[in-house]
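Notes to accompany the following structure.
The values are calculated or read from the model by the stated rules, or taken from the named source; none is laboratory data. This is a predicted model, so every value here is computed, not measured. Cβ placement follows ideal geometry from the backbone for every residue including glycine, while neighbour counts extend to all protein chains displayed. Just so you know, the surface numbers come from the protein's heavy atoms only, side chains and all, with ligands and any DNA or RNA stripped out. Shrake-Rupley method; radii C 1.70, N 1.55, O 1.52, S 1.80 Å.
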Amino acid sequence: MRRYEVQILRSLKEGPKSFWKLLDEQDEHIKGFVERLKALLEAGVVKYSDGKFSLTPLGEARAASLLPRKDVRCPHCQGGYTFSVFSEAFALYHRLVEGRPLPNLDYDQGFMTESDVFSRVAFLYERGDLEGQDILILGDDDLLSLALASTGLPRSITVLEVDQRIVEFITKRAKEHNLGITALEYNAASPYPLKDHAFSVFITDPVESEKGLKITLSRGAQALERGGALYFGLTTIESSWHKWYSVERMLLEMGFVVTDILRRFSAYPDSDNHFDEEFYDRTMMRRLMDVAFPLPADADWFRSSFIRCEAVEEPRPLVVGEVVFDTDFYLDEETMATPKFV
């Protein structure tokens with residue numbers, strides 16, 4: 001029995017689950033997960049009723065050797081990181097993000113929870129990538145810049161962001177609280193607008209098409225000095241292991257070594273982002289199964305791993321200059337949770 005099937009069966013052995021709960025409790029790419037779930041339905045191992053999947057008697061027999069799923073993650077920290085030492089900064093950040101712009105689906109936006117943002121802050125601090133550092137953030141709908149600035153530790157923070165609303169929001173909050181953040185409007189498809197290799201830390205949550213990943217990570221390579229740290233998020237929802245392999249090859253070609261992968265480190269809840277029928281109607285995932293799933297989702301199913309890389313040589317971007325900004329920037333055959341353009 002392959003591990004992906006084990007993940008599904010042990011989850012259902014715990015009890016009936018929604019599509020979203022099952023998706024959250026496994027780590028296969030969404031297309032593979034759906035194909036596997038369909039096969040289990042067709043084989044009579046799993047059934048679907050009243051919005052939930054459950055085991056049939058045949059499924060119970062097949063799962064007889066498995067224990068019901070147990071949650072083994074610590075409820076008090078995120079991947080082993082606590083931000084209690086930054087309690088004052090977290091309180092300030094909570095105030096700063098009030099009235100924030102809601103996601104613009106045309107830019108594939110969606111922000112993580114405030115606590116997950118500060119788990120990232122704690123991780124950067126531990127790795128020595130916060131105090132006295134020159135930090136560049138590409139795309140900041142999470143408003144990570146405000147969280148980092150709230151600690152008072154970075155030497156400088158620069159934001160490059162395509163959405164004018166977010167640029168204006170960050171600039172306003174920075175001026176109100178003397179946070180020293182520079183926010184500039186910028187589309188990653190355009191030539192890199194700043195001095196090459198001038199930053200010690202680069203952070204982004206890239207779109208997960210192969211084209212988008214290559215461009216975004218290349219901008220980071222162009223921004224970072226030798227020895228600099230590159231941070232980015234990557235999911236298994238929209239990126240198969242084949243794509244992860246491709247990303248790792250890109251990183252090696254650009255002169256980076258992967259130092260850390262924090263699995264399922266950041267969640268992007270439907271409730272916080274106000275994701276509704278419009279969001280799901282614009283994604284391919286809604287049409288993968290033959291049944292309709294109840295909304296809103298009852299699990300934070302979209303979670304990303306947080307990856308840290310270090311430049312062991314002067315970074316070499318794979319893409320420089322302007323590129324075509326089209327649907328391929330956001331979409332490929334695996335980005336099934338990304339809203340299409342309308």
Residue under evaluation Gly79, criteria (1) open to solvent by 20 Å² or more (accessible area, probe 1.4 Å); (2) under 21 Å from the mean Cα position of the chain (by Cα); (3) at negative phi; (4) not polar (S, T, N, Q), criterion not met: (3)
So Ala64, is it in a loop (DSSP other than H, G, I, E, B) and either open to solvent by 20 Å² or more (accessible area, probe 1.4 Å) or touching a Lys or Arg at 6+ places or on another chain (Cβ under 6 Å) (or both): yes
Test: residue in segment 55-74 that is free of Cβ contacts under 8 Å to residues at least 12 places away in the same chain, more than 27 Å from Ala221 (Cα to Cα) and among the hydroxyl-bearing types (Ser, Thr, Tyr): yes
Qualifying positions in segment 256-299 - part of a strand (DSSP E or B) and either open to solvent by 50 Å² or more (accessible area, probe 1.4 Å) or over 20 Å from Gly32 (Cβ atoms) (or both): Phe256, Val257, Val258, Thr259, Asp260, Ile261, Leu262, Arg263, Phe265, Ser266, Ala267
Where Glu5 falls short, out of the listed (1) surrounded by 15 or more Cβ atoms within 10 Å (Cβ to Cβ); (2) in contact with an Asp or Glu (Cβ under 7 Å, 6 or more places away or on another chain): (2)
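Given the criteria over 13 Å from Val320 (Cα atoms), out of contact with any helix residue (DSSP H, G or I) (no Cβ under 7 Å at 6 or more places or on another chain) and open to solvent by 40 Å² or more (accessible area, probe 1.4 Å), does Thr182 qualify?
So Thr182 fits the description; yes.
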Counted residues, segment 18-40 - those being in contact with a strand residue (DSSP E or B) (Cβ under 6 Å, 6 or more places away or on another chain) and either of a type in the set (A, V, I, L, M, F, W, C) or within 16 Å of Thr56 (Cβ to Cβ) (or both): 1
Hey, Tyr245 aromatic (Phe, Trp, Tyr), in a helix (DSSP H, G or I) and at pLDDT 95 or above or not: yes
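Kindly check whether there is at least one residue in segment 135-145 that is more than 20 Å from the chain's Cα centre (by Cα) and open to solvent by 10 Å² or more (accessible area, probe 1.4 Å).
no
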Single unsatisfied condition, Asp27 versus (1) modelled with pLDDT of 95 or more; (2) open to solvent by less than 30 Å² (accessible area, probe 1.4 Å): (1)
Given (1) of a type in the set (S, T, N, Q); (2) assigned to a loop (DSSP other than H, G, I, E, B); (3) more than 30 Å from Lys175 (Cβ to Cβ), index of the condition Gln109 fails: (3)
Hits in segment 22-51 (condition: outside any helix (DSSP H, G or I) and more than 20 Å from Phe302 (Cβ to Cβ)): Ala43, Gly44, Val45, Val46, Lys47, Tyr48, Ser49, Asp50
